[in-house]
1. In what order, largest first, do 142, 194, 86 sit by accessible area if the probe radius is 1.4 Å?
2. Below 9 angstrom from the Cβ of residue 195, what's the summed charge of the other residues (Lys, Arg +1; Asp, Glu -1)?
3. For segment 4-214, build the convex hull from the C-alpha positions and give me its volume per residue in Å³.
4. Restricting to the chain, what percent of DSSP beta bridges are antiparallel, rounded to 5?
5. Projecting each Cα onto the charge dipole of segment 4-214 (Lys/Arg +1, Asp/Glu -1 at the beta carbon, about the Cα centre), which of 189, 55, 23 comes out farthest on the positive side?
6. Tell me, what % of the accessible area of segment 4-214 is carbon and sulfur with a 1.4 angstrom probe?
7. Where the only charges are on Cβ atoms (+1 Lys, Arg; -1 Asp, Glu), what is the dipole of segment 103-171 about its Cα centre, to the nearest 20 debye?
8. What's the carbon and sulfur percent of segment 233-339's accessible surface, probe 1.4 angstrom, rounded to a whole number?
Amino acid sequence: MIFDFFVAVMNTNISDLQSRLANPQDIVILTHRNPDGDALGSSLALALYLRQSLHQVSVILPSEYPLSFSFLPEVDQCLVYDFEPEECIQKIEKSTMIFCLDFNGLDRIDKLGSHVEKSSAYKVLIDHHMHPEPFADYTLSETTASSTCELIYRFLELLKDQRAITVDIATCIFTGLITDTGSFKYATTDRTFEVAAHLKRFGVDDYTLQDRIFNTYSERQLRLLGHCIYNRMEILPEYKTGIITLTKEDYKTYEIVRGDTEGIVNYLLKLNGIKVAAFITEQPTIVKLSLRSKGEFSVQEIASKHFNGGGHRNASGGSAYATLNSVVDRFKQVLPKYAEKYF
Ligand code: 5GP
Ligand code: MN
């Protein structure tokens, strides 16, 4: 396997990285487009930690973050490439270190990818997606980790610097734990709960955090969820699959903004007997797929082989330049092969 070879040659020796961090650096932290709780939590936790030393630290997001995360500490200091491309490129060009968090390949950060590739800065990749690209000078990649946030905690352990964890840092890390595990429902290990317990000892108010993240729907959003389930849901019992689609019209009618559709795909898995869920949406120029599954069924395989995407076995995404109907048809066409393999 070519990827095993890559993993084998990836540098995982932290001493070089540690000695660089002993001197002030110009640091850029990057995460993936449409940042979620794990992307934001890991980036902000690392930024807060690094800002305790004499480093200059910028967090760069390829696109805007959902409003529901506005309460996260220092999130308003993030630079958004879609709004300030020149400033973001300049920051990357003058950086001495670049941290890439919660993504496994440079195509996940759009146009910023080529600037990172060109840069001679020392690069660090911390991520939990399958098949990481070997572009970094130091890589911490564990696909069994619940979240990149869990790996940030591990990174601080490797640096022997857990004492630097403040309540704000702990809150950011906890955010990724709960958002990437659906509040500890999936992708957990014993380690995830250990980290959560440590973070709670560092002062995380987990009740308030969950309330702020998950219970801030507007009336419009709750009605959108109702619309998806009542009018846009299709069940294919023979393939244990549910599909929800949203058209451009729906985006207008429900005034959908970034983050509004987060988590809708998971409602399909609440159905008894349903093991595969697809949320397929018509965006301005592409059709986006958000896929989820239970157990051995690998939506990662479907996303990477048919929809130019990837992710994890049970949570993946992809996209296609095609009409909504043709993407739904393609998904239905490939489904029987995987149903045969996994069911
Ligand atoms: P979501 O469905 O929540 O957007 O994403 C689920 C998982 O799939 C996340 O881990 C995300 O990083 C990954 N993912 C989503 N869209 C894409 C894509 O277009 N390409 C790749 N490689 N991964 C994606
Ligand atoms: Mn993640």
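1. Numbers: 142 55, 194 85, 86 120 Å².
Accessible-area ranking of 142, 194, 86, largest first: 86, 194, 142.
2. Details: positive: 154, 191; negative: 150, 194.
Computed value for this residue: 0.
3. Details: hull volume 23.2 nm³, N = 211.
Dividing the Cα hull volume of segment 4-214 by its residue count gives 110 Å³.
4. Details: 19 of 46 bridges.
Given both bridge residues lie in the chain, the antiparallel proportion sits at roughly 40 percent.
5. About the Cα centre, the residue reaching furthest to the positive side is 23.
6. Numbers: 4450 of 9090 Å².
Accessible surface attributable to carbon and sulfur in segment 4-214 totals 49 percent.
7. Working: 7 positive and 11 negative charges, 30 e Å.
The calculation lands at about 140 debye.
8. On the way: 2510 of 5070 Å².
Heavy-atom surface of segment 233-339 belonging to carbon and sulfur, 1.4 Å probe: 50 percent.
The values are calculated or read from the model by the stated rules, or taken from the named source; none is laboratory data. All values reported here derive from a predicted model rather than from experimental measurement. Here the Cβ is made from the backbone with ideal geometry for all residues, glycine too, and neighbour counts use every protein chain on show. Quick note on the areas: whole protein, heavy atoms, side chains included, nothing else; ligands and nucleic acids left out. Shrake-Rupley method; radii C 1.70, N 1.55, O 1.52, S 1.80 Å.
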